[in-house]
1. Identify all residues within the range 335-365 that are over 22 Å from Asn159 (Cα atoms), part of a helix (DSSP H, G or I) and either within 13 Å of the ligand (Cβ to nearest atom) or of a type in the set (Val, Ile, Thr) (or both); write none if there are none.
2. Here is a check on your reading of the model: is Leu228 open to solvent by 40 Å² or more (accessible area, probe 1.4 Å) and touching a strand residue (DSSP E or B) at 6+ places or on another chain (Cβ under 9 Å)?
3. Of all residues in the range 86-132, which are closer than 15 Å to Lys39 by Cβ, assigned to a loop (DSSP other than H, G, I, E, B) and within 14 Å of the ligand (Cβ to nearest atom)?
4. Among the residues that make up the range 23-32, is at least one of them surrounded by fewer than 19 Cβ atoms within 10 Å (Cβ to Cβ), hydrophobic (A, V, I, L, M, F, W, C) and under 22 Å from Leu202 (Cα atoms)?
5. If you go through the range 139-164 one residue at a time, how many are away from the ligand (no atom under 15 Å from the Cβ) and assigned to a loop (DSSP other than H, G, I, E, B)?
Amino acid sequence: MNFSLSEEQQFLQKTARDFARSEVLPQAAKIDAEHKHPKEIVDKMAQIGLMGIAVSDEHGGSGMDNVSYVLAIEEIARACASTAVIMSVNNSLVCDPISRYGSDAQKAKWLPLLASGKKLGCFAISEPEAGSDAAAQTTLATLEGDEWVISGTKNWITNGPVADVCVLMAMTDKSQGHRGISAFLLPMDAPGVSTSPPDEKLGIRGSKSCQIFLENVRLPKDALLGALGKGFGVAMSTLDGGRIGIAAQALGIARACLEDGLEYSLQRKTFGKPIAEHQSIQWKLADMATEVDAARLLVLKAAHLKDTGKPYGKAAAIAKLFASDIANKAGRECIQIFGGNGFVTEYPAERHFRDAKITEIYEGTSEIQRLVITNYLRKEA
Ligand code: CAA
């Protein structure tokens, strides 16, 4: 077993860390307070290769592996969780399925645009009545001559208000249940596509999400992504990879809690000494450090399995379940270390606490991760 990163992985990690410290962290509080999509930062991330990390060189990406991808996400999330999820969705939920399931023409058209930051992607499976029960889709796509005609509503679509292209799931044969779902590539400027005002959210306020309304949207026959009726598999396998990205985001948030909590505890004095010298604070920091380390190992393991062509769905669910849990715990403890200052927006602790919550919900709730893990355990028994 080799715990060392390659030179290339170390280079990307340093590039992302330097960028996060100099360009993202100074803006993070403002992005949150103003609920602002950080377009300039996203453009710069594209310039340094972070928007299409695992996209092949041939298609204008960085041609790197998934270990590099999670290293970069952790660094960006440590600075700003909102920015990290914008990056994660574009990489894991849009570039990845296009790379794996797209036709040559779809790859040639979309991947260079997405990797270069000229276009941004979103992924739409959830609906008002289909969240955890992802197969309960009602968005309908009907073939009329050479065109698909699609109507329905999608919910909580991260990047939706600012996206140019959407990996969309829709029912092409209602009678077949999940085997009647197909995936499509939907340009967001297609006639009949509209969006709700952005969702007002507890956390990750710089990451814009919304509903997408589709009213008789007409797409050419070749807008299908992957085979007809295989969309549920496209979505589930895409989410396996996406969950590794969200686990890395949660890890970055937990690290932010640890680092900010440590820094504060070295300066803040009570009873005549820095609070870092009180055992009650030391235990919190030690637990946070241990859990951050454990989460990182799980995240890297899942990414490594994906890179080496091994099954990674179970490892991805385990990494997301654990990392999102410890991020929420770290968020609580970070506020406790900051005390009264943890409760006011002048300090970063309350932002970390709010940002952590969504990692237990999107790309499959913690309850769904447990269901996925147990399904693997039962199959393996
Ligand atoms: N890869 C490929 N195929 C898979 C798969 C995987 N990981 N998991 C399941 N499948 C296939 C199965 O093989 C099966 O196919 P066949 O019947 O053709 O053999 C089919 O899918 C159905 O499998 P299940 O019976 O296990 O499916 P289910 O209906 O019981 O649901 C579930 C499974 C795990 C609960 C699934 O619905 C799920 O993951 N729900 C959560 C949805 C989710 O994560 N939503 C996130 C929204 S996206 C988002 O949040 C993005 C964002 O904004 C940031």
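The values are calculated or read from the model by the stated rules, or taken from the named source; none is laboratory data. Keep in mind that this is a model prediction, so the values were computed, not measured. Cβ: placed from backbone, ideal geometry, glycine included. Neighbour counts: every protein chain shown. All accessible areas refer to the heavy atoms of the entire protein, side chains included, with ligands and DNA or RNA removed. Shrake-Rupley method; radii C 1.70, N 1.55, O 1.52, S 1.80 Å.
1. Ile335, Ile337, listed by residue number.
2. So Leu228 passes the test.
3. Leu120
4. Checked against the condition, which is being surrounded by fewer than 19 Cβ atoms within 10 Å (Cβ to Cβ), hydrophobic (A, V, I, L, M, F, W, C) and under 22 Å from Leu202 (Cα atoms), the range 23-32 yields at least one hit.
5. Looking only at that region, the number is 3.
Here is a yes/no grid of residues against (1) without any contact (Cβ under 8 Å) to a residue 60 or more places away in the chain; (2) open to solvent by 10 Å² or more (accessible area, probe 1.4 Å); (3) in contact with a strand residue (DSSP E or B) (Cβ under 8 Å, 6 or more places away or on another chain):
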| residue | (1), (2), (3) |
| --- | --- |
| Thr138 | yes, yes, yes |
| Asp146 | no, yes, yes |
| Gly152 | no, yes, yes |
| Asn159 | no, no, yes |
| Gly180 | yes, no, yes |
| Ile204 | no, no, no |
| Asn216 | no, yes, yes |
| Pro220 | no, yes, yes |
| Leu239 | no, yes, no |
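Residue by residue, here is whether (1) over 16 Å from Ser207 (Cβ atoms); (2) open to solvent by 60 Å² or more (accessible area, probe 1.4 Å); (3) assigned by TED's automatic domain parsing to the domain that holds Leu111; (4) of a type outside the set (Phe, Trp, Tyr) holds:
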site: Arg21; (1), (2), (3), (4): yes, yes, yes, yes
site: Pro38; (1), (2), (3), (4): no, no, yes, yes
site: Val42; (1), (2), (3), (4): no, no, yes, yes
site: His59; (1), (2), (3), (4): yes, no, yes, yes
site: Ser68; (1), (2), (3), (4): yes, no, yes, yes
site: Glu74; (1), (2), (3), (4): yes, no, yes, yes
